[in-house]
């Protein structure tokens, strides 16, 4: 069941990244500016954040299969519709569908469900599902690129739509709530374990995740351009991101296991500290080999942070709202990713260098660590024994 969740998340993540491959053929045919084309990805990510909140809410209150079937249908239908576009309004609407009803219906519910199926090792379960997302980000665009070598872009979209439906629909039909924990039966963890409320914990976690993903997004989005500025060829510069994502698959699994052993918040602190320290170093690397090593190290810790904050959201969630809570935290994660990517380009344009951009990324990481320190102090305090008994 956890592997099925991972494949669904991989397909959903890969789907919203399609514009990176179709950007050139769409621009060549319609003569749309790259800014207009790139906006499609921003709309898809925003839709994912909003959809995660809504679909997480439904996943807490109905059989999970109904929600996942929506997430399995939407990407395939969106690809088929994209094969017929003639204007940017359609491009944006169908990418909104990819996020809102596609990945938005898969990301938060599948992480919540995977942890329910492996209650003794929820960190490993969520690590596997998150690794699926990293795998999809690399494999789906690669497959689309191969299709564009032999097919016209409209035909490539049709093939992607058919393949997506053929893979995702059977998996969605397999998905079900665990028999020992039906829909809506998630236990209240935070109310019993901590002296502060679930709302307080989740609110500050959302703030932390926002700053965390500002730090995370800047290297992810800009490392290839940074490599090109440093003199690497196009393929070598693109390889920096590939190395980061491959390392990220390992990081999700490693930090998932660490969270099971040492706790979600301590693991999140370690991963966040790592990405904060490493982000500022990217513009200082003297050669391509150093950039590759740094990209691999950053991939290990940024992916660990992503796995750990999902686990924290699950741990702090109130009763019957685990899916909604993960969706809400993921919304702030997507918002932070958008801000981090935007500020990276803005300060490069203003200063003619990536040094301010990556320094700002690390400052976001510092803000994240300060909020995590506040959470660490709050969760270290336990409620009185009498309150637990009551």
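The values are calculated or read from the model by the stated rules, or taken from the named source; none is laboratory data. Just so it is clear, the model here is predicted, and its values are computed rather than measured. Don't worry about glycine lacking a Cβ; one is built from the backbone with ideal geometry, like all the others, and counts go over all protein chains shown.
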Subset of the stretch 22-45, residues surrounded by 19 or more Cβ atoms within 10 Å (Cβ to Cβ) and farther than 18 Å from residue 102 by Cα, comes to 22, 26, 37
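This table checks each residue for (1) surrounded by 16 or more Cβ atoms within 10 Å (Cβ to Cβ); (2) free of Cβ contacts under 8 Å to residues at least 40 places away in the same chain; (3) outside any loop (DSSP other than H, G, I, E, B).
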position: 84; (1), (2), (3): no, no, no
position: 91; (1), (2), (3): yes, no, yes
position: 110; (1), (2), (3): yes, no, yes
position: 114; (1), (2), (3): yes, no, yes
position: 145; (1), (2), (3): no, no, yes
position: 161; (1), (2), (3): yes, no, yes
Here the residues within the stretch 226-252 that are farther than 16 Å from residue 297 by Cβ and buried (at least 16 other Cβ atoms within 10 Å of the Cβ) are 230, 232, 236, 237
The condition of being within 22 Å of residue 198 (Cβ to Cβ) and modelled with pLDDT of 90 or more holds, among 282, 309, only for 309
Within the stretch 341-362, the residues that are without any contact (Cβ under 8 Å) to a residue 40 or more places away in the chain and within 21 Å of the chain's Cα centre (by Cα) are 342
Note on residue 355: of the conditions (1) surrounded by fewer than 20 Cβ atoms within 10 Å (Cβ to Cβ); (2) under 16 Å from residue 204 (Cβ atoms), unmet is (2)
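Would it be correct to say that residue 74 is modelled with pLDDT of 90 or more, in a helix (DSSP H, G or I) and surrounded by 24 or more Cβ atoms within 10 Å (Cβ to Cβ)?
Working: modelled with pLDDT of 90 or more: yes; in a helix (DSSP H, G or I): yes; surrounded by 24 or more Cβ atoms within 10 Å (Cβ to Cβ): yes.
So residue 74 fits the description; yes.
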> Does residue 103 count as assigned by TED's automatic domain parsing to the domain that holds residue 150, within 15 Å of residue 171 (Cα to Cα) and out of contact with any strand residue (DSSP E or B) (no Cβ under 7 Å at 6 or more places or on another chain)?
Replying inline: yes
The number of residues in the stretch 1-32 that are in contact with a helix residue (DSSP H, G or I) (Cβ under 8 Å, 6 or more places away or on another chain), more than 23 Å from residue 132 (Cβ to Cβ) and not in a helix (DSSP H, G or I) is 1
Only unsatisfied item for residue 341, checking (1) more than 30 Å from residue 177 (Cβ to Cβ); (2) buried (at least 24 other Cβ atoms within 10 Å of the Cβ); (3) modelled with pLDDT under 85, is (2)
Selection from the stretch 46-57 of residues surrounded by fewer than 21 Cβ atoms within 10 Å (Cβ to Cβ) and at pLDDT 80 or above yields 46, 50, 53, 54
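Condition first: more than 21 Å from residue 300 (Cβ to Cβ), in a helix (DSSP H, G or I) and assigned by TED's automatic domain parsing to the domain that holds residue 56. Can you find one or more residues in the stretch 123-139 that meet it? Write out each step before concluding.
Applying the first criterion (more than 21 Å from residue 300 (Cβ to Cβ)) to the stretch 123-139 yields none.
Among the residues of the stretch 123-139, not one is more than 21 Å from residue 300 (Cβ to Cβ), in a helix (DSSP H, G or I) and assigned by TED's automatic domain parsing to the domain that holds residue 56, which makes the answer no.
Of the residues 172, 156, 183, 208, which single one is at pLDDT below 90 and out of contact with any strand residue (DSSP E or B) (no Cβ under 8 Å at 6 or more places or on another chain)?
Numbers: 172 fails: at pLDDT below 90; 156 fails: at pLDDT below 90; 208 fails: at pLDDT below 90.
Result of the check over 172, 156, 183, 208: 183.
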Reported set for the stretch 293-316 where residues are over 19 Å from the mean Cα position of the chain (by Cα) and surrounded by 19 or more Cβ atoms within 10 Å (Cβ to Cβ) is 294, 316
